[in-house]
Every structure is written in C-alpha cells, then in structure tokens.
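Colleague: Pasting a structure here, questions to come.
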Amino acid sequence: MKSAVETLNPTRVRLTVEVPFEELKDSLDAAYKKINQQVTVKGFRKGKIPARVIDQRFGRGAVLEEAVNDALPKFYTEAVNEAEVNPLGQPEVDITELKDGELLAFTAEVDIRPTLEIPDYSGIEVTVDAVEVTDEDVEKSVEQLRERFASTSAVERAAQDGDVVTIDLEAKVEGEVLPDGVASDVSYTIGSGELLDGIDEAVKGLEAGGEATFTSQLKGGSAEGKDAEVTVKVTTVSARELPELDDEFAQMASEFDTLDELKADSRKRLENMKQFDQATQAQERVLDELLKLVEVPMPEKLLEDEINTRKHNLEHHQLGQMGLDLAKYLEIQGKTEEEFLAETKEQAEKGIKTQFILDELVNKEKLDVSREELTEHLFRRAASSGMSPDQFAQAVAEGGQVPMLVGEVARGKALAVVVEAAKVVDSNGEVVDLSDDDEDEVEAAAEAVEAVTGEAEVSEDK
C-alpha cells in the first residue's frame, strides 16, 4: 500500500491511498464466504459454492463491492497512522480507481485535531467575588428553616398575604370550560407565585365560601398561551404560624441545643457555599482568559456536527420533557431563530476550543488519571444522572464511554493546573487560595469544563 497526505487547511487533510490488488485477497476471501452464507444455488451445498459460480450468477462487481467495503477501514487506518495525523470524526471517502486484478485507489478527506502552541499561562490574573456572609444572610437562612416548620390553622377572616387557602378552579376559553380546566381542593399560599398570574389579587380579601373571576394567560395544558376566564372559589382560609426563634426551635429543627449554635452553623454553611461558588467563578474566568491566549483553528465539519448535536439535544430532550417546541421556547426567551443559532454556534466553538486546549495541556503537563479519580468522577456523574453507581458504570461500559469520562477528569486536572498557576484575587483585593483540597478542586474544575463543552465529545476516529 502507498499513501500520501495533503494538508487542505490547518484542520483538514486529504489522504490519497493506492492498494495493490493482491493486498485485497483476505477481503475477497471474506466476501466470497459471506455471499456463500447468504445465497443458494441448485446443485451446491450452502457455503460450498465455488467462486467462479458466484461470479457468474451474482456478478464479480458484487464481490468486489463487498471486499472493498471490508478493506477500506483497514487501509484508511494504516494511512492515518503512516501520516501521523489525529482525525476527528468519520472521513469522506471517494474511490477513484478500482481495476479488477490490478489496483484499488481512494481518497479520504477528514478533519484533524489542529496543532496548538500553548503559551506561558502563569501571568493569568482574574478577580472573583469576595466571600462575605452578613448577619442578614444568616437571618435569611434561619428564617427559611423557620418557614419549613410553620404550622397552619383555619381562621374565620378574609384571606391575606401569606395565608394558605384551599381553592376550587374553573377555566373557560371563549365561554367553554376546558377539559383540563377544572381543579378542586388545591392548596395555595398567597404570594408564592406558584399558580396563575392574577390569582393573588383575586383571592385576597375573600373569606371561606367567597369566589372571584379574573383573566389570566394559561401556562400549560390544552389551551397553553391563551387567555382564560378563571373562576376561583375559596373553601378554607388558614393562617401560617411560625415557631418562636429560640433555643427550643433550634433543638426541634437541628442537632444544636441553642439558637446561637444554629446561627453559627448556618454562617459556616453559607461561607462554604460561597467559597465553592468563588472557586467555580475562578475556574470559569481563568478558562476564559486561557482561551484568549491560544489561537485555535476551527474544523468546519466538527463545528457543524457540534451545533446540530446541541440543537437536537435541546429540542428532543430538554424542551421535549417540558412539552415545548423550539418556536415556543424562542418566543418565551424573546429571541429570533437567527439569534439562537448565533448563540449556539458561539457556545459550540467555545466548547471545542476548550477541549482542544485542555487536551493539549494534558499532553504537555503529562497528566494521568488515577483509578481513584475516575471512580470519584463516576460516582458524581451517577448522582447527577439519577442512577446508582453500578447502573451508571454499566451504562458507561456498554456505551464505550470510559475514554470520555477519563477525558473529562484529565481536562479538569489540566484546568486545575492553570488555576493554580494563575493569580486569583477577590473584589477586596485579597489573594484567594484555592489549593486546600486538590481532589475537590479537580472535580470542580471538571464540572466547569463540562458546563462549557456541553453534551458532545470531540472524538478521534481511526
């Protein structure tokens, strides 16, 4: 076999391959064997039909086609290895010559991973929000806990903000009651904003037995988006009673004996949350600065595939579960289709660039992924998918996605290396130390990378 490579642009090559016919012998033998198992010829046992008879009955062309289809992947892979290129996705193959008994020639065009130069990134500097927990933050956190332990009791007065009312609803569109427009014994907290627009104003001031009618745009159901005339009847009004904020409440709502201890724990929890948010912010901003440092040629076919993948996943998974189509989604978002496609393209380009740059850093820094790191990442991914670790691991193995998970962890490690080298200061001018827990830092970095790269994975095929 002879092969040559021609660089079409920084991200695409054309391989030209010539194969002497004798190198097709194994594929020809396999083709005759396969056809033998698929056809019957009177006078011959199945699987024992001579090659000359198959040629006569079914045509030599059918045999050659089967043999070439079998041989192409092998010769393409050999040409790729010989050219020392890293192909992305599947090639576009064109058979340029097929002479029976003499020669097979073909070309294969394919996107390749571009060669990148990673400059010194130690000068990256970013600013993040300072970790500040105010007394107001603590009070709000404790108040939310208090809300969870609120009790209700029926009252004989008009409903007001914060009350819990039991209501019956009936929705009409153009004078007709909707098939799915009737609901009874619905519990609703006035002011929560969890039901229809306008319902708070309608029920406030009503006592048990009172009713009101208002107009509201329906948010779901058979008449979604249409204006409906909604009749609401209040059957009970209950006042919410909050427990006293004292040591007894702390003992009831937590493992602490005093309210001061509960507040101290709330402050610590809020600090931890804000520190995590700060670390995530640092990773995202360092990554943005790193992307600015590196010029990345963009493979056109890969970009097109990534855009289509993101669009497909949005339409058929996320929006499908919400009962929306793309047109309705864009209407809600206040975007045109052109704006949506432009944003999707920008996100896809950023995702591909991120993978390319971090993969190059993995090689440059000689980063390996340990079994422990992969296991921890698998457990986190399993939790986010709603599957058990065993179920997720089995699905990953059956789908051949172990290399994808390894890649995610490796990229997280690469980003963590860059973050560690960068200067991170908070909005108060204080230097932020993000190196307290290397394992957590890598996992958080992996999450930050996944948020950018999205659903699709840049794969190399040979």
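The values are calculated or read from the model by the stated rules, or taken from the named source; none is laboratory data. Values in this document were obtained by computation on a predicted structure and should not be read as measured data. Don't worry about glycine lacking a Cβ; one is built from the backbone with ideal geometry, like all the others, and counts go over all protein chains shown.
Colleague: Output yes when any residue across segment 395-406 is charged (D, E, K, R) and over 17 Å from the mean Cα position of the chain (by Cα), and no when none is.
Modeller: Within segment 395-406, the subset charged (D, E, K, R) is 398.
Now drop any that are not over 17 Å from the mean Cα position of the chain (by Cα), which leaves 398.
Among the residues of segment 395-406, at least one is charged (D, E, K, R) and over 17 Å from the mean Cα position of the chain (by Cα), which makes the answer yes.
Colleague: Just one of the numbered conditions (1) modelled with pLDDT under 90; (2) within 21 Å of the chain's Cα centre (by Cα); (3) not aromatic (Phe, Trp, Tyr) is not true of Gly334; which one?
Modeller: Only one criterion is unmet by Gly334, namely (2).
Colleague: Name the residue, out of Val41, Val17, that is outside any helix (DSSP H, G or I), buried (at least 16 other Cβ atoms within 10 Å of the Cβ) and within 48 Å of the chain's Cα centre (by Cα). It would help to see each step written out before you state the result.
Modeller: Numbers: Val41 fails: within 48 Å of the chain's Cα centre (by Cα).
Among Val41, Val17, only Val17 is outside any helix (DSSP H, G or I), buried (at least 16 other Cβ atoms within 10 Å of the Cβ) and within 48 Å of the chain's Cα centre (by Cα).
Colleague: Could I ask something else about it? Looking at the structure I just gave you, is Val41 at pLDDT 85 or above, in contact with a helix residue (DSSP H, G or I) (Cβ under 7 Å, 6 or more places away or on another chain) and assigned by TED's automatic domain parsing to the domain that holds Asp94? Can you show your working first?
Modeller: Working: at pLDDT 85 or above: no; in contact with a helix residue (DSSP H, G or I) (Cβ under 7 Å, 6 or more places away or on another chain): yes; assigned by TED's automatic domain parsing to the domain that holds Asp94: yes.
Taking the combined requirement at face value, the residue does not satisfy it.
Colleague: Output the residues belonging to segment 99-151 that are among the aromatic types (Phe, Trp, Tyr) and under 30 Å from Gly162 (Cα atoms).
Modeller: Listed by number, the list holds a single entry, Phe149.
Colleague: Something else: Quick check on Lys263: is it at pLDDT 90 or above and either assigned to a loop (DSSP other than H, G, I, E, B) or surrounded by 15 or more Cβ atoms within 10 Å (Cβ to Cβ) (or both)?
Modeller: Numbers: at pLDDT 90 or above: yes; either assigned to a loop (DSSP other than H, G, I, E, B) or surrounded by 15 or more Cβ atoms within 10 Å (Cβ to Cβ) (or both): yes.
Judged against the criteria, Lys263 is a match.
Colleague: Being of a type in the set (S, T, N, Q), closer than 24 Å to Ser27 by Cα, modelled with pLDDT of 90 or more and not assigned by TED's automatic domain parsing to the domain that holds Phe356 is the requirement here; does Thr134 meet it?
Modeller: Numbers: of a type in the set (S, T, N, Q): yes; closer than 24 Å to Ser27 by Cα: no; modelled with pLDDT of 90 or more: yes; not assigned by TED's automatic domain parsing to the domain that holds Phe356: yes.
Considered against the rule, which asks whether it is of a type in the set (S, T, N, Q), closer than 24 Å to Ser27 by Cα, modelled with pLDDT of 90 or more and not assigned by TED's automatic domain parsing to the domain that holds Phe356, Thr134 comes out as no.
Colleague: Condition test on Glu117, is it more than 27 Å from Thr354 (Cα to Cα) and surrounded by fewer than 16 Cβ atoms within 10 Å (Cβ to Cβ)?
Modeller: On the way: more than 27 Å from Thr354 (Cα to Cα): no; surrounded by fewer than 16 Cβ atoms within 10 Å (Cβ to Cβ): yes.
No: the conditions fail for Glu117.
Colleague: I need the full set of residues from segment 344-378 which are of a type in the set (Val, Ile, Thr), free of Cβ contacts under 8 Å to residues at least 60 places away in the same chain and in a helix (DSSP H, G or I), in order please.
Modeller: Thr344, Val362, Thr375
Colleague: Would you tally the residues in segment 298-322 being farther than 15 Å from Glu346 by Cβ and not in a helix (DSSP H, G or I)?
Modeller: So the count comes out to 1.
Colleague: Let me ask you something else. Does Glu156 qualify as being over 30 Å from Glu6 (Cα atoms) and modelled with pLDDT of 95 or more?
Modeller: On the way: over 30 Å from Glu6 (Cα atoms): yes; modelled with pLDDT of 95 or more: no.
No.
Colleague: Continuing with this model, one more query. Return the pairs, sorted by first residue and then second, in which the second residue is hydroxyl-bearing (Ser, Thr, Tyr), the first residue lies in segment 53-71 and is surrounded by 13 or more Cβ atoms within 10 Å (Cβ to Cβ), the beta carbons are less than 7 Å apart, and the residues are 6+ apart or on different chains.
Modeller: Close Cβ pairs satisfying both conditions: Ile54/Tyr32; Val63/Tyr32; Ala67/Ser27; Asp70/Ser27; Ala71/Ser27.
Colleague: Sticking with this one: Taking the stated definitions as given, is Glu295 out of contact with any helix residue (DSSP H, G or I) (no Cβ under 9 Å at 6 or more places or on another chain) and outside any helix (DSSP H, G or I)?
Modeller: Details: out of contact with any helix residue (DSSP H, G or I) (no Cβ under 9 Å at 6 or more places or on another chain): yes; outside any helix (DSSP H, G or I): yes.
It is true that Glu295 is out of contact with any helix residue (DSSP H, G or I) (no Cβ under 9 Å at 6 or more places or on another chain) and outside any helix (DSSP H, G or I).
Colleague: Tell me which of these Gln144 doesn't satisfy, since it passes every other one: (1) surrounded by 12 or more Cβ atoms within 10 Å (Cβ to Cβ); (2) part of a helix (DSSP H, G or I); (3) of a type outside the set (Ser, Thr, Tyr).
Modeller: (1)
Colleague: Identify, by number, the condition in (1) at pLDDT 95 or above; (2) in contact with a helix residue (DSSP H, G or I) (Cβ under 7 Å, 6 or more places away or on another chain) that Val425 doesn't meet.
Modeller: Only one criterion is unmet by Val425, namely (2).
Colleague: Of all residues in segment 15-67, which are among the small types (Gly, Ala, Ser) and farther than 22 Å from Leu103 by Cα?
Modeller: Keep residues of segment 15-67 that are among the small types (Gly, Ala, Ser), which gives 27, 30-31, 43, 47, 51, 59, 61-62, 67.
Result: Gly43, Gly47.
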